[in-house]
1. Of the conditions (1) on the phi > 0 side of the Ramachandran plot; (2) surrounded by 22 or more Cβ atoms within 10 Å (Cβ to Cβ), N108 fails just one. Which one is it?
2. Have a look at S139, S131, S123, S104 and point out the one that is touching a strand residue (DSSP E or B) at 6+ places or on another chain (Cβ under 8 Å), farther than 30 Å from A36 by Cβ and of a type in the set (S, T, Y).
3. Filter the stretch 36-55 down to the residues that are among the aliphatic types (A, V, I, L, M) and closer than 18 Å to Q70 by Cβ, then identify the one that is surrounded by the most Cβ atoms within 10 Å (Cβ to Cβ).
4. With in contact (Cβ under 8 Å) with a residue 40 or more places away in the chain, closer than 19 Å to N127 by Cα and touching a Ser or Thr at 6+ places or on another chain (Cβ under 8 Å) as the only criterion, which of Q64, Q78 stands out?
5. Check A85, A69 and return the single one that is surrounded by 16 or more Cβ atoms within 10 Å (Cβ to Cβ), touching a residue at least 24 places away in the same chain (Cβ under 8 Å), among the small types (G, A, S) and touching a Lys or Arg at 6+ places or on another chain (Cβ under 9 Å).
6. Inspect all residues belonging to the stretch 85-103 and state whether any of them is under 30 Å from F27 (Cα atoms) and among the polar types (S, T, N, Q).
7. Can you give me the number of residues within the stretch 17-58 that are within 16 Å of T75 (Cβ to Cβ) and among the aliphatic types (A, V, I, L, M)?
8. Take the residues in the stretch 1-35 that are small (G, A, S) and either farther than 28 Å from A118 by Cβ or modelled with pLDDT under 90 (or both); name whichever of them is surrounded by the most Cβ atoms within 10 Å (Cβ to Cβ).
Amino acid sequence: MQIRKFEIEGLLLIEPRLFQDDRGFFFESYNAIKYAEILGEGANFVQDNISVSNKHVLRGLHFQESPFAQGKLVTVLQGKVLDIAVDIRKNSKTYGQYQSIELSSENNYQFWIPPGFAHGFLSLEENTLFSYKCTNFYSPEHEKTLNWNDPLLAINWGDISNPIVSQKDMFGQSFQDFMKENKY
C-alpha cells in the first residue's frame with residue numbers, strides 16, 4: 001500500500017496493493033487496524049454510502065457542521081470521477097484551497113478527506129459507482145453546501161460548461177458568505 005500526502009495537510013491518497021492475475025484482481029479495501037495507523041484513531045467509520053451518477057453529474061460541495069462533521073474515505077468502484085476537497089478549516093494555512101484527484105475503477109485509489117473539508121465530485125463516465133465511508137452519521141440539520149462554481153474557490157472542473165446538478169447544489173452558499181460565519 002502506498003500513501004501520498006498533499007500540500008493541504010490531512011488529505012491522503014491511498015493506493016492499495018493489487019494482487020492481479022488472468023482471473024482478475026483482489027485488494028483489501030479496508031482493514032481497521034491498518035487504516036487506524038494510516039488515518040489516526042479519529043477515523044472510526046460508522047456509515048457507508050454509495051451513489052451512482054451518470055456522466056457530467058456534479059455532486060457537492062458538501063460538508064456537515066459540528067457535532068456531525070464527517071471524515072470520508074472515498075473511492076470509485078465503477079467508472080471515473082474528478083474528486084474535489086476544499087479546506088474549510090478557518091485556522092488552516094491552506095484555508096479556501098482545494099485538491100483535485102481523479103479516482104477510477106482502473107486506479108482503485110482511495111482519497112481520505114478528514115473533517116473540516118467540503119467535498120464534491122464530477123462524474124466523468126456513465127454509471128459511475130462511488131463509495132464513501134464516513135466517520136459520522138448523516139444529519140440533514142447540520143449539512144451545508146458550498147457553491148460548486150464559486151469564483152473565490154476557482155475550482156477547475158475541467159472542460160465541462162454545464163454539469164448536471166441538483167437543486168440543493170445549484171444554490172449552494174457562496175464562499176464569501178461562508179467565511180463570514182465559518183465556525184470551523
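The values are calculated or read from the model by the stated rules, or taken from the named source; none is laboratory data. Everything numeric in this text was worked out from a predicted model, so none of it was measured. Please note: Cβ atoms are built from the backbone with ideal geometry, for glycine as well, and neighbour counts cover all protein chains shown.
1. (2)
2. Numbers: S139 fails: farther than 30 Å from A36 by Cβ; S131 fails: farther than 30 Å from A36 by Cβ; S104 fails: farther than 30 Å from A36 by Cβ.
After applying the criteria, what remains is S123.
3. Going through the stretch 36-55, the residues among the aliphatic types (A, V, I, L, M) turn out to be 36, 38-39, 43, 46, 50, 52.
Those left that are additionally closer than 18 Å to Q70 by Cβ: 36, 38-39, 43, 46, 50.
Numbers: A36: 13, I38: 15, L39: 20, A43: 18, V46: 11, I50: 9.
Only one residue tops the list, namely L39.
4. Numbers: Q64 fails: closer than 19 Å to N127 by Cα.
The unique qualifying residue is Q78.
5. Working: A69 fails: touching a Lys or Arg at 6+ places or on another chain (Cβ under 9 Å).
It is A85.
6. yes
7. Qualifying residue count for the region: 6.
8. Taking the stretch 1-35 and keeping what is small (G, A, S), we get 10, 24, 29, 32.
If we keep only those that are either farther than 28 Å from A118 by Cβ or modelled with pLDDT under 90 (or both) too, we end up with 24, 29, 32.
Numbers: G24: 8, S29: 15, A32: 10.
Going through the qualifying residues, I end up with S29.
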